[in-house]
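The values are calculated or read from the model by the stated rules, or taken from the named source; none is laboratory data. Note that the coordinates shown come from a computational prediction; the quantities given were computed from them, not determined experimentally. Positions of Cβ are backbone-derived with ideal geometry, glycine not excepted, and every protein chain shown enters the neighbour counts. Surface areas here come from the heavy atoms of the whole protein model, side chains and all, with no ligands, DNA or RNA. Shrake-Rupley method; radii C 1.70, N 1.55, O 1.52, S 1.80 Å.
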Amino acid sequence: MSDSTRSTTVGSPGPAAPATSGRTHNRWVILVCAILVQLAIGSVYAWSVFAKALQEPDAFGWSKAKAAVPFSVVLGMIFIGSFVGGRLQDRRGPRVVALTGGIIYSVGVILASFATNKDMFWLLVLGYGVIGGFGLGMVYIVPIAMLQKWFPDKPGLITGLAVAGFGFGAVITAPVGQALIDNTPSQPTKAFLWLGIAYLIALLIGTTFFANPPAATGATAAATADRSAAPAAASAADPVSGEPDFETNEALRTPQWYLLTLILTMSVTAGISLIAVAAGSATDIAGYSKTAAASLVGILAVFNGGGRILWGWLSDLVGKMPAFLGILGIQAVCLLLIPHASNTALFAILAALIYTCYGGAFGTMPSTAGRFFGVRNVGAIYGLMLVGWSIGGIIGPLLIASLIGDTKSYTKGFTVIGIITIVAMVIPLITRKPHHDGARAAATTR
């Protein structure tokens, strides 16, 4: 798509995008709004600040493992939300799906603010975890699918930008959340009321401008075609690779879909293991103060977001599988070293590298899915891949919390995760791009 298509009047492309009718859209404005939306929902990565506060004796006095549960539930629910959102946005258009998900997410966070004592653990899990996680997943998948249709000429870079805001979310939320917690340290959950209201405002503003490109736009016509025309659409060429688009069920019949999902799972498991305990680890390993640890979590979010752009861009240059090999390898080395990083600067550097690579997997995988299977159904196909995010998001925090335990065995915890990540490096080496052939999935070297 050339820059001449940056601003276009959207007509009536059919049932796939009813919310776009009659509006004029600039693809760069839509990109900015997508980043704003991702900033709001990306606040989830500041959870370690809340987890540390919930463990304080003067607050709820929960164990490290118990404080990790709401975060794991959020990540577990993301897959369900993204699966629903990915399928609905192809039928209903991106605006209505993202707006609905944003409202659900904000309501869940606000509901969590009413869990004001240690006996209301269930309400925190229900509000922040179940409801908030489902809404988050619905919102998250929409910009990824939508922007690949607007920017088929820059798939890796744009999907990196699309999810960069998600990584940057904790830059704002970590220090603001800590300040709100400090106002009522015995009831840290009260901070969720004001945060939920702020998220709702940001999401209402950002999703207002969401739209699919018009069907008449040549490179993206297949992306907004009426799904009822499936037999004809199945042979439509992907604008990036020039090869036919896969239907969702066709993608699920290839080994490549499962290999890509496994790569995402292992990268998430590695990175989220640090993210879930970042504030506590900074304090216990490197001697950061409570305030400094919260600030570090916010700073590290810059690397989470920046890694999504950096690795998305690099993957367009060096190839998708070499990029994932680097993402997993760097995380593995840093996880093995970080429990020995008693120096504050060294701890910050290693943590920054892990955050960069963790974010990089999310910046690279959407365009990889688009490159492997085509962009027409990438919302549903990649939405299903996010089961890897949920699996890793459940396993990582619970595993690292149980390994570290009350004895603070950081060396054992991070070493185990690091070794697992080293073993996972074999997966990109055996993953190759599929041919579009309904009966088989013969591969070509990527």
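Each residue in the stretch 101-137 was checked for being farther than 21 Å from Val163 by Cβ, open to solvent by less than 10 Å² (accessible area, probe 1.4 Å) and among the aliphatic types (A, V, I, L, M), and 3 of them qualify.
Of all the numbered requirements in (1) of a type outside the set (S, T, N, Q); (2) more than 18 Å from Ala293 (Cα to Cα); (3) modelled with pLDDT under 85, Ile30 misses one, and that requirement is (3).
Scanning the stretch 380-434 for residues that are of a type outside the set (S, T, N, Q), open to solvent by less than 70 Å² (accessible area, probe 1.4 Å) and not in a helix (DSSP H, G or I), we see that the one that is farthest from Thr283 (Cα to Cα) is Pro434.
Per-residue answers, yes or no, for (1) open to solvent by 30 Å² or more (accessible area, probe 1.4 Å); (2) out of contact with any His (no Cβ under 7 Å at 6 or more places or on another chain); (3) assigned to a helix (DSSP H, G or I):
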{"site": "Ser281", "(1), (2), (3)": "no, yes, yes"}
{"site": "Val302", "(1), (2), (3)": "yes, yes, yes"}
{"site": "Ser342", "(1), (2), (3)": "yes, yes, no"}
{"site": "Leu350", "(1), (2), (3)": "no, yes, yes"}
{"site": "Leu353", "(1), (2), (3)": "yes, yes, yes"}
{"site": "Gly359", "(1), (2), (3)": "no, yes, yes"}
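With respect to Arg95, determine if the residue is open to solvent by 50 Å² or more (accessible area, probe 1.4 Å) and more than 15 Å from Thr189 (Cβ to Cβ). No: the conditions fail for Arg95. A single entry from Asp119, Asp153 fulfils the requirement of being in a loop (DSSP other than H, G, I, E, B), among the charged types (D, E, K, R) and more than 19 Å from the chain's Cα centre (by Cα): Asp153.
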